[in-house]
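Take a look at the structure set out below.
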Amino acid sequence: MQTTLSQISLPIAISLIFLGIVIIVLVVILIRRRQAANQAPPTPEIPPATTIDYTAIPLEEPESWQDRLRNLSLAARVLLLLIPILLCLSIGVLALSLINEEQSVAPPPTPTPSPIPVTLTIEDATVVRAEPPTINVRVRATGLPDNTELQVELRADGQPLRWFDPDQTIRIRRDRGDLRAEKLPDGDPTPQGPRYTVVVRLPDGSLSDEAELLIPELVAAAFFGTVAEVPTPTFPPTFTPEPVAQVTPTPPPTPTIPPTPVLPVGQPVAVINGGNVRKLPFITDNVIGGVNAGEQVQILARTPNARWFYVRTVRDEIGWVSGTLLAVNDLIIAEARVANVVTVFVSGTVYLAADPDSAAIDRVEANEVVELLERTADGSWYRVLNVRDREGWVQASLLGIPDDVIAQVPIAQ
């Protein structure tokens, strides 16, 4: 109750007091009038045989407001005196309170937003096309405004390579960005052997953590061999012929040109619905290309349940598409090779080695898919690649592996 009263402003409080006084005065007047009405007037004593002419009595009506005021009761006079005084006081107090409120109310301080820390993570770095060799880099950032441009570097054993156009940059949109870059015709060679990584440079010059470049087996030959260095022919030393014998110099060896990589081919199938080409047969943030209705793809492999197909598109993008996008039939499914890709049945840990006492490096979750890379001799552990591009060992009890897939997974040496 006390809290409610303290919240009432001063003008409202004065108005309530004034209204209360008016009500009290009106109640007093009504009570006085009711009492006066209930009292019977005294009966005049009229002498017998006396005739009264009532028409001769003059009417005593007040002729001015002074007469009316003079005839009012004491309570009515007090009320008439209090009304203008209280009204003036209320108007004055209300004006003063409004002035004080305008002077006391200050604009609220503008809140200062907390700065968002700048972070940059490379989510994906993959060779997605064989001819011409093309890499795809996808990043996630925080604290960077939209349209921020980021430089990308391809490195071999930590050394920067001139491999694609340096003017190609990642443009941030809603904390994400990606880059698809083709190899320059005169770019640096990428022979097999070095460790290839990708880094992204922020506008202030700082670098992100290095991310391993994923090179799928189907495009490895193109990445490593297309621009392999041609060995420089070596010539034998020049002989000075002796006077008695003439020596014919041995011709230099013919330089060998590396063969052009041959892309995989498969059964052509029509695309009936446009959609995405993904790195693994699992719907997540792993899109590496797309197909359009009316195009054709070549079937290279399929999952054991034939819901996803490993294809090569007309743009030489190699990845997985959903079977709902293709015009496949039972014959095509029967002839397609079953890939070493299975579904995770039970969530579990990904270990660094085939030993539960080794370091845990990631997890696999139920209903995800993994690619089987190799297995132990007893088949109790499998080295897998999960949807987050992490390689490690998981127990076979977590996976659903058909017998025909087990037979084609290589045994770790």
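Values quoted throughout were computed directly from the atomic coordinates according to the rules given, and no laboratory measurement underlies them. Every value quoted in this text rests on a predicted model; they were computed, and no experiment measured them. We place every Cβ from the backbone using ideal geometry, glycine too, and count neighbours over all the protein chains shown.
If eta is 1.306 mPa s and T is 10 °C, what Stokes-Einstein diffusion coefficient results for region 294-413, Kirkwood Rh from Cα pairs, in µm²/s? Don't jump to the answer; show the numbers that get you there.
Working: Rh = 15.2 Å.
Rounded to a whole number, D works out at 104 µm²/s.
Compute the convex hull volume of the Cα atoms of region 127-175, divide it by the residue count, and report the result per residue in Å³ as a whole number. Can you show the working numbers first?
Working: hull volume 5.0 nm³, N = 49.
Spread over its residues, the Cα hull of region 127-175 gives 102 Å³ apiece.
Between residue 33 and residue 192, the modelled label-to-label distance comes to 11.5 nm, taking each label 7 Å out from Cα in the direction of the beta carbon.
Applying the Karplus relation 6.51 cos²θ - 1.76 cosθ + 1.60 with θ = phi - 60° to region 395-404 yields 3J(HN,Hα) values of 6, 5, 5, 7, 10, x, 10, x, 4, 5 Hz, where x marks Gly and Pro. Per-residue extension of 0.36 nm, minus the Cα-Cα distance of residue 333 and residue 406, leaves a gain of 24.4 nm for this segment.
Please report the relative contact order for region 353-413, taking Cα pairs under 8 Å with a sequence separation of at least 6, and give it as a percent rounded to a whole number.
Numbers: 77 pairs, mean separation 19.9, N = 61.
Contact order relative to length: 33 percent.
Taking R0 as 22 Å, what's the FRET efficiency between residue 322 and residue 178 from their Cβ-Cβ distance, rounded to 0.05? With a Förster radius of 22 Å, E is 0.55. Take region 118-224, drop everything but the C-alpha atoms, weight them equally and run the Debye formula without solvent; then report log10 I(q)/I(0) at 0.23 Å⁻¹ to two decimals. With one equal scatterer per Cα and no solvent, log10 I(q)/I(0) is -1.29.
Remark: region 310-319, residue by residue, has Karplus-estimated 3J(HN,Hα) of 8, 10, 10, 8, 5, 9, 6, 7, 10, x Hz, where x stands for each Gly or Pro and the curve is 6.51 cos²θ - 1.76 cosθ + 1.60 at θ = phi - 60°.
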